[in-house]
1. Report yes if D9 is open to solvent by 30 Å² or more (accessible area, probe 1.4 Å), within 16 Å of the ligand (Cβ to nearest atom) and among the charged types (D, E, K, R), otherwise no.
2. Assess whether G59 counts as being in a loop (DSSP other than H, G, I, E, B), within 12 Å of the ligand (Cβ to nearest atom) and surrounded by fewer than 22 Cβ atoms within 10 Å (Cβ to Cβ).
3. Here are E138, E123, E143: which of them is modelled with pLDDT under 75, surrounded by fewer than 20 Cβ atoms within 10 Å (Cβ to Cβ) and within 19 Å of V28 (Cβ to Cβ)?
4. Scan R86, R70 and give me the residue that is under 28 Å from L181 (Cα atoms), of a type in the set (K, R) and crowded, with 16+ Cβ neighbours inside 10 Å.
5. Against the conditions (1) surrounded by 20 or more Cβ atoms within 10 Å (Cβ to Cβ); (2) modelled with pLDDT of 90 or more; (3) aliphatic (A, V, I, L, M), where does V237 fall short? Just the number, please.
6. Determine, yes or no, whether A37 is in the same structural domain as G97 (by TED's automatic domain parsing), open to solvent by less than 10 Å² (accessible area, probe 1.4 Å), closer than 19 Å to S96 by Cβ and not hydroxyl-bearing (S, T, Y).
7. Among the numbered criteria (1) away from the ligand (no atom under 13 Å from the Cβ); (2) without any contact (Cβ under 8 Å) to a residue 60 or more places away in the chain, which single criterion is violated by L112?
Amino acid sequence: MSRVLVVEDESHLADGLAYNLEAEGHSVQIVADGEAALERLLAKKEKFDAVVLDVMLPGKNGFEVASELRAARNFVPVLMLTARGRPEDVLKGFESGADDYLPKPFELAILLARLKGLLRRSEWLHAGRGSAVSSATEGSGPEAQAGDVFTFRGKSIDFSTLELSTSGGKIQLTLMEADLLRHLIRSNGRVVSRKSILEEVWGLKEDTDTRAIDNFVVRLRRYIEDDPAKPQHLLTVRGVGYRFLAEPEVGDS
Ligand code: CA
């Protein structure tokens, strides 16, 4: 049985969600604002297996809540509920550390399926095994390395624990950061367009301002590049997108 925290101020929606999640065998707690969510997750250090986090909340919004969780090194899987017609919210959600998103109004069956996906990945993480981030990129490009650990230039990413190890220490990636990195790594030096990243990694079909994804890449560069201002691995291909090189090319900058 999984423990799910629902953060939603519209009580009919929260109650409906709780009813259906409980019918699926989960234990559900509801809070009506971000402050209460942070109180339980950070101050009281309550353990949840996943959080369903609405963006539109009184007081702190969902983005702020997710950011504060990640800043406090709490990596509970977060499914963010965004407003339909605001695709920029999706990218803001990822930037704040959400692992998945669903635009409102959503179909209940889809929410349950997405949550199941997050919980499955969460179980893998806790068990320290399995492929934590394969769902979105299954079957595309070269196979993952044995043990789901990818090593390049003295750094390694363990995709089963979402841990990036560098000479500077270990960094815990969110599921989405790891999904994006894996997608780029699997493309094996080929150029990956921003549009394909949005569609294939995050299943985002809306006509999104793809420039916003650049902010996300900036964060990944801070993790994996020795000098983020002069990337050697995660390269920008002007006007197109990005490519990942495990071994930087001579003369490339
Ligand atoms: Ca709301």
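The values are calculated or read from the model by the stated rules, or taken from the named source; none is laboratory data. This is a predicted model, so every value here is computed, not measured. Cβ coordinates were reconstructed from backbone atoms using ideal geometry, including for glycine residues, and neighbour counts include every protein chain displayed. For accessibility, only protein heavy atoms count, side chains too; no ligands or nucleic acids. Shrake-Rupley method; radii C 1.70, N 1.55, O 1.52, S 1.80 Å.
1. Taking the combined requirement at face value, the residue satisfies it.
2. Spelling it out, G59 is indeed in a loop (DSSP other than H, G, I, E, B), within 12 Å of the ligand (Cβ to nearest atom) and surrounded by fewer than 22 Cβ atoms within 10 Å (Cβ to Cβ).
3. Every option except E123 fails the conditions.
4. R70
5. Result: V237 passes all but (1).
6. For A37, the condition - in the same structural domain as G97 (by TED's automatic domain parsing), open to solvent by less than 10 Å² (accessible area, probe 1.4 Å), closer than 19 Å to S96 by Cβ and not hydroxyl-bearing (S, T, Y) - is met.
7. With respect to (1) away from the ligand (no atom under 13 Å from the Cβ); (2) without any contact (Cβ under 8 Å) to a residue 60 or more places away in the chain, L112 is out only on (2).
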